[in-house]
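Since the structure comes first, as structure tokens, the remarks are kept for the end.
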Amino acid sequence: MVLRALMFVLLVATLPLAIAAPATADPPPFDLVGPTLDVTVTRAGKTLPIAEAPNLAEGDQLWVKPDFPAGQSAHYVLVVAFLRGATDPPPESWFFRLETWRPKAGAGLKITVPKGAQQALLFLAPETGGDFKTLVKGVRGRPGAFVRASQDLNQASLDRARLEAYLSEVHKTSLSDPERLKTVAPLLARSLAIKLDSPCLQKPAAQQASCLTQGQESLVLSDEHNPSIAQTLTTGSMADLVQQLTFAPQAGAGAYSPYVGAVMDIVRIFDSVHTAQYQYLPALATRQGDNVSIFLNSPPSFHNPKSVLVTALPAVGPPLPPLLQPTEPGAAYCADQTPLVLPADGAPLVFATAYAHDLVLRLQASDGKTLDLPLKADPEKGGFVADTSGFDPSRFGEAVEGSVRGAWGFDPYVGPTFHMQSARDEPWRIADDDRQALIGGRGGEVRLHAPGAACVEDVMLRQASGETAKADWKAIHPDELVVTTPAGETPSGSLTLLVKSFGRAQAQAVALRTFAEPSRLDRFTVHEGDPFGVLEGSRLDEVDGLTLRGVDYRPDPFAKPQDGGELPLFATRGRPDDRLTEGATDRARVALKDGRLLEVGASVAAPRPRVTLIAKSVKAEPSGPASRIQLTDRDAVARNQVLTFSIRSQSPASFSGHEAVQVETPRGAFTTTLTLSNGLTLEDSQVAIATLDTGRAFGSSAAGRLRYRIVEDGVAGDWQPLATLVRLPTLEALKCPADRERPCKLIGADLFLLDALSNDPAFEHVVRIPDGFPGSVVTVPHPTDGRLFVKLRDDPSAVDTVTFPVKASASTPGDAPKTQAAARSTENDASRAAARIVAPFSR
């Protein structure tokens with residue numbers, strides 16, 4: 001039965017290899033209710049229910065009592081076994097049995113954890129002759145398998161606890177207040193480390209709960225603390241071997257949530273240790289108080305091989321308290337707030353189990369005494385909820401540290417520390433730099449300073465008319481608020497901020513004033529002959545236009561001021577060439593959008609250099625397999641080829657000898673500069689020849705449309721199109737069968753540089769190369785007349801050809817003429833590989 005379940009899981013997991021289906025599959029859910037047990041743990045005279053014991057220790061007293069119905073007909077033998085690692089079989093004295101149907105079973109089984117024990121398992125085996133000895137022999141014969149089973153059962157049980165806590169809160173909220181799910185679900189997911197499907201929160205409220213709980217077993221995310229607890233269960237070389245075996249790709253390693261992966265591990269392990277008499281069924285334990293409820297994912301069998309239920313008890317080892325952290329380590333929280341929520345995350349088990357108990361928030365008063373405020377871990381609130389009804393602010397200063405204290409199982413627990421504040425009566429004052437920060441009608445931010453920022457409950461904005469509106473605010477420091485006033489609600493004049501704090505009946509009033517602040521204008525520069533100039537300053541989004549010597553300039557309505565405070569302005573009326581000459585200076589008039597007029601100094605700089613492209617050529621393609629691709633795009637240049645192009649100076653009329661030519665790929669990813677000492681040669685004072693070795697100038701990833709511009713004495717001209725840089729794969733051979741209906745195999749390197757192949761120029765029989773293709777062989781259609789047609793990934797709009805002799809994998813005498821013709825065609829193509837000279841293109 002276990003083997004069939006595993007085969008089903010593996011079959012579902014491999015379906016995506018054959019059809020387009022989801023890439024994961026969940027094992028059968030643990031929804032079959034099994035028996036229940038009562039378990040307590042006693043250490044140093046103190047007894048805890050099993051739900052509050054995250055670990056066992058040597059010498060602990062375990063009390064285990066089965067809780068079967070009065071009419072239970074099946075007789076089970078309860079066996080508690082202790083293990084001591086994967087490579088050391090436990091002694092027979094470490095196995096303790098209880099025949100649950102006997103009258104004395106009502107007193108339960110009392111056990112002392114033996115010295116040297118590391119793991120503990122609980123078995124429920126059907127009564128048979130020799131059942132106890134058979135089970136002992138099986139565990140002692142394969143200790144490594146049961147050590148790993150103990151680890152996975154513990155992890156799966158803890159993950160299930162997180163999942164049940166999440167589902168319970170989601171269902172409770174959906175029944176009481178479905179609209180709150182948008183707020184509650186992200187907090188639950190963060191606290192319990194559950195995968196949140198955010199699009200579910202965009203659905204109608206009535207559909208959110210069912211959406212959020214789909215694929216339940218796969219919702220559980222990895223919890224760094226769970227493996228730490230489970231790690232104490234397994235040591236030694238045998239454990240390493242078991243670990244490796246459980247990560248086989250066939251089992252979908254890496255494709256499942258930790259919960260699903262642990263369950264699949266358990267199924268594989270138990271299938272490997274079954275006998276003709278017994279098969280082992282994993283059982284997950286849900287712990288509430290001293291009650292342990294067992295759940296199965298497969299019905300037990302009472303025929304050979306009979307089913308033995310196996311569940312894990314906590315690991316034997318030192319305590320591993322969680323590493324909880326405040327969600328915002330630098331934030332401060334208000335002790336006057338009721339209820340007080342202290343956001344924390346990083347340890348889902350604190351919120352999903354009772355391991356952390358008797359929690360308090362300990363405050364140090366100014367008189368040296370401590371005050372403990374009751375604390376509760378609440379995943380719905382995303383942290384701890386403190387009862388602050390006993391807090392007396394008079395005993396504390398304006399700031400105090402509060403630390404989480406309590407117990408983790410039997411051991412003391414010290415959790416994260418939170419910065420606390422109490423509300424104060426000191427007035428809020430505006431930061432000096434922000435007294436003129438508000439611009440009428442535009443809104444803005446104002447910083448307020450006073451102790452107790454964490455205790456601010458609300459901020460309202462009151463207009464001069466008496467109307468009030470809620471303002472956005474945030475406490476960014478213990479003594480600083482940032483208040484954002486909305487645009488359109490802050491006209492020029494007087495405003496009042498009303499700051500309300502927890503524990504205070506009245507809000508504090510903070511007087512504000514808004515200003516219609518103009519833009520700051522530094523200078524306007526235009527090059528002679530250019531139809532645009534650049535305005536420098538700040539707040540340039542207020543600029544509507546500029547006029548200089550009768551020429552009107554306006555900004556691009558879709559552009560924003562550039563970083564550094566520059567705004568390009570374009571001539572819309574008047575001719576700059578007639579009125580703006582090099583060296584001229586003047587005062588330009590600037591119109592703001594609110595109608596005000598300002599002035600700024602303007603100057604006319606020298607004309608920017610301009611050139612035209614005369615011609616360009618590409619050296620013959622290098623010999624070798626890559627040259628089999630004949631590029632049809634006249635503007636295409638293969639990487640590693642040398643591109644030579646000539647330019648003519650237009651402005652100024654002749655070159656000065658201080659020129660450089662910049663060439664770059666799209667978006668400036670790769671850039672190179674040609675100078676008179678490196679790749680640029682003056683034919684005469686008006687014509688320059690530029691030589692660009694694309695292989696040396698650009699990296700191996702460079703591709704796309706190249707553009708160039710002339711630069712003279714630091715002043716750059718306009719970018720102009722130059723060519724299209726493409727990368728070519730190495731095509732080594734084409735192997736084709738004699739049957740033309742069967743496809744061929746194209747062999748080469750860097751085949752990912754191909755976008756598609758076909759045996760016809762219309763690409764009716766196309767083979768597309770997937771993104772990131774790493775292979776060296778691709779299946780292609782049988783070529784037509786010895787030719788294939790390709791589209792390069794770097795220039796997919798062009799259809800290029802490739803011709804080479806076909807190496808037949810199987811041939812017949814009738815194929816010989818075709819092969820000879822293909823060879824002659826390839827020789828002719830090689831002889832035609834010469835320099836290509838093309839005229840400049842227009843765009």
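Here are the numbers:
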quantity: Residue among 341, 350 that is among the aliphatic types (A, V, I, L, M), open to solvent by 10 Å² or more (accessible area, probe 1.4 Å) and out of contact with any helix residue (DSSP H, G or I) (no Cβ under 8 Å at 6 or more places or on another chain); calculated: 341
quantity: Residue check, residue 391 aromatic (Phe, Trp, Tyr), more than 30 Å from residue 496 (Cβ to Cβ) and either without any contact (Cβ under 8 Å) to a residue 60 or more places away in the chain or loosely packed, with under 14 Cβ neighbours inside 10 Å (or both); calculated: yes
quantity: Residues located in segment 81-113, provided they are in a loop (DSSP other than H, G, I, E, B) and open to solvent by 20 Å² or more (accessible area, probe 1.4 Å); calculated: 84, 87, 88, 89, 91, 100, 101, 102
quantity: Residue within segment 735-743 that is open to solvent by less than 70 Å² (accessible area, probe 1.4 Å), over 23 Å from residue 643 (Cα atoms), part of a strand (DSSP E or B) and at pLDDT 85 or above present; calculated: yes
quantity: Filtered residue count, segment 674-700, keeping only those that are of a type outside the set (Asp, Glu) and without any contact (Cβ under 8 Å) to a residue 24 or more places away in the chain; calculated: 9
quantity: Condition check for residue 412: open to solvent by less than 60 Å² (accessible area, probe 1.4 Å) and at pLDDT 85 or above; calculated: no
quantity: Count of residues meeting criterion [outside any strand (DSSP E or B) and touching a helix residue (DSSP H, G or I) at 6+ places or on another chain (Cβ under 6 Å)] in segment 114-124; calculated: 1
quantity: Qualifying residue in segment 653-670 (condition: of a type in the set (D, E, K, R), assigned to a strand (DSSP E or B) and in contact (Cβ under 8 Å) with a residue 24 or more places away in the chain); calculated: yes
quantity: Extreme residue, least open to solvent (accessible area, probe 1.4 Å), among residues of segment 583-611 that are acidic (Asp, Glu) and in a strand (DSSP E or B); calculated: 586
quantity: Subset of segment 318-368 [modelled with pLDDT of 90 or more and on the phi > 0 side of the Ramachandran plot]; calculated: 358
quantity: Within segment 296-321, considering residues that are more than 42 Å from the chain's Cα centre (by Cα) and not in a loop (DSSP other than H, G, I, E, B), the one surrounded by the most Cβ atoms within 10 Å (Cβ to Cβ); calculated: 308
quantity: Answer from 705, 696 - the residue that is out of contact with any strand residue (DSSP E or B) (no Cβ under 7 Å at 6 or more places or on another chain) and within 24 Å of residue 616 (Cα to Cα); calculated: 696
quantity: Members of segment 626-652 that are open to solvent by less than 50 Å² (accessible area, probe 1.4 Å), at pLDDT below 90, in contact with a strand residue (DSSP E or B) (Cβ under 7 Å, 6 or more places away or on another chain) and not in a loop (DSSP other than H, G, I, E, B); calculated: 626, 629, 651
quantity: Some residue of segment 271-278 being under 19 Å from residue 82 (Cβ atoms), open to solvent by 10 Å² or more (accessible area, probe 1.4 Å) and at pLDDT below 85; calculated: yes
quantity: Any pair with Cβ under 9 angstrom, 6 or more apart, that starts in segment 763-777 at a residue that is free of Cβ contacts under 8 Å to residues at least 12 places away in the same chain and ends at one that is open to solvent by less than 100 Å² (accessible area, probe 1.4 Å) and hydrophobic (A, V, I, L, M, F, W, C); calculated: 766/756; 766/757; 770/752
quantity: Residue count for segment 355-375, restricted to those that are open to solvent by less than 50 Å² (accessible area, probe 1.4 Å) and either touching a strand residue (DSSP E or B) at 6+ places or on another chain (Cβ under 8 Å) or in a strand (DSSP E or B) (or both); calculated: 11
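Conditions tested, residue by residue: (1) hydroxyl-bearing (Ser, Thr, Tyr); (2) modelled with pLDDT of 75 or more; (3) closer than 16 Å to residue 352 by Cβ.
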| position | (1), (2), (3) |
| --- | --- |
| 161 | no, yes, yes |
| 165 | no, yes, yes |
| 169 | no, yes, yes |
| 172 | no, yes, yes |
| 176 | yes, yes, no |
| 179 | no, yes, no |
| 183 | yes, yes, no |
| 186 | no, yes, no |
| 191 | yes, yes, yes |
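The values are calculated or read from the model by the stated rules, or taken from the named source; none is laboratory data. Small disclaimer: the values here were computed from a predicted structure and weren't measured. So basically every Cβ, Gly included, is an ideal-geometry build from the backbone, and we count neighbours across all protein chains shown. In case anyone asks, the SASA skips ligands and DNA or RNA and just uses the protein heavy atoms, side chains included. Shrake-Rupley method; radii C 1.70, N 1.55, O 1.52, S 1.80 Å.
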